[in-house]
Amino acid sequence: MPEQVRTLAFEARTCYAVGCLFPQPVFEIPPRLLNASTDPSSIDTDAGHRIYTSWSLPLYDLAVHGFSNRFLWHCRTATLQAWFDRHVTDCHLDVGVGTGLFLDRSQRLNSASQVTLLDANQNCLNTASKRIARLQPTTVLANLAQPLPSTLPRFRSASLMYVLHCLPGDTSFRSEVIRRVATTLEPGGILFGATILGEPRPKGRLGRRVMASYNRRGIFGNQNDSVDLLQKVLSGELRAVEIAIEGSVAMFAGSAG
Ligand SMILES: C[S@@+](CC[C@H](N)C(=O)[O-])C[C@H]1O[C@@H](n2cnc3c(N)ncnc32)[C@H](O)[C@@H]1O
């Protein structure tokens, strides 16, 4: 069965479980993922973005920002939007764009803003750029597992909203990603974002099950992500690091040297 179909089937089953009964199996994280290597050649750096197809993306906002944030991760989308609006500038690089929801809803961006979208998935770039066409965004197809194009200009802000938890690997790979994005910033520029932590595990039973399943499938790679690890990764690459926690979500910001 294709990965997308299995994922959708799982989503449907878990959504059904909210109103009725919990799904039967508990998905365990296999040991090979718990010991994920930091060598990008030995980990699947595409699993976190290939689920976003032209038919699954239209469901994304509803599934993630409508349902999961509230019922699984206990962090309101409005809180994430406020964090985004607090840090975004009019010269912004959005990394891991999804459907472009935060950009679209931001009160701080207008047609005079310079917005660049970067993603490894062309479907996401197409969907987000169409949605915010009024901002005339530039798009860049690039995988965070590789060095970013040297032709990128310098930005005053860059966001990683709900991207880090999609990445495989451990601390050193996350540090590499933060470093790559930080190098796109002008001195004093702000790197900010939000990520779902794997530690402590979500309070709710359904959240724990969904997270374990996502980790098993490579959709998430956050089973070892804690606030201490995030603090360590960010402090290694940024100055004046700030982290705020709501539910299972860590919102973060820091400035480039
Ligand atoms: C969970 S979505 C977040 C979308 C959006 N920022 C939001 O908060 O709604 C993760 C995004 O990161 C992108 N992504 C995942 N892994 C990536 C990688 N290795 N390189 C670049 N983009 C990646 C996906 O294609 C997707 O657009």
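Since every read-out is calculated from the coordinates, none of them should be taken as a lab result. Predicted model, so just to flag it, every value in this text is computed and none were measured. All Cβ positions, even for glycine, are placed from backbone atoms using ideal geometry, and neighbour counts span all protein chains on display.
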- Percent relative contact order of region 29-255, based on C-alpha pairs within less than 8 angstrom and at least six residues apart? 23 percent
- Message: What does the charge count around residue 224 come to, taking other residues whose C-beta lies under 9 Å from its C-beta (Lys +1, Arg +1, Asp -1, Glu -1)?
- Response: -3
- Relative contact order of region 161-257 (C-alpha contacts under 8 Å, at least 6 apart) in percent is 39 percent
- Message: If I model a spin label at residue 208 and residue 59 as a point 7 Å from the Cα along the Cα→Cβ vector, what separation in nanometres do I get?
- Response: 2.6 nm
- Message: Given all pairs of different Cα atoms, what value in angstroms does the Kirkwood hydrodynamic radius of region 29-255 take?
- Response: 17.4 Å
- Note on the structure: If each part is reduced to its alpha-carbon centroid, region 234-257 and region 50-129 end up apart, in Å, by 19 Å
- How about region 42-126: which chymotrypsin sites (Phe, Trp or Tyr not before Pro) there are in a DSSP loop, with at most 13 other Cβ atoms within 10 Å of their Cβ? 55
- Task: Excluding residue 160 itself, calculate the net charge of residues whose Cβ lies under 14 Å from the Cβ of residue 160, where each Lys or Arg counts +1 and each Asp or Glu counts -1.
- Result: -2
- Please express the Cα-Cα pair-distance distribution P(r) of region 159-237 as a list of whole percents, one per 5 Å bin, running from 0 to the bin with the greatest distance. 3, 15, 26, 25, 15, 9, 5, 2, 0
- Message: I want the local charge near residue 132. Using Cβ-Cβ distances under 15 Å, sum +1 for each Lys or Arg and -1 for each Asp or Glu among the other residues.
- Response: -1
- Note on the structure: Averaged over all viewing directions, the convex hull of the alpha carbons in region 43-88 casts a projected area in nm² of 4.5 nm²
- How do 49, 92 line up, fewest other C-beta atoms within 10 Å first? 49, 92
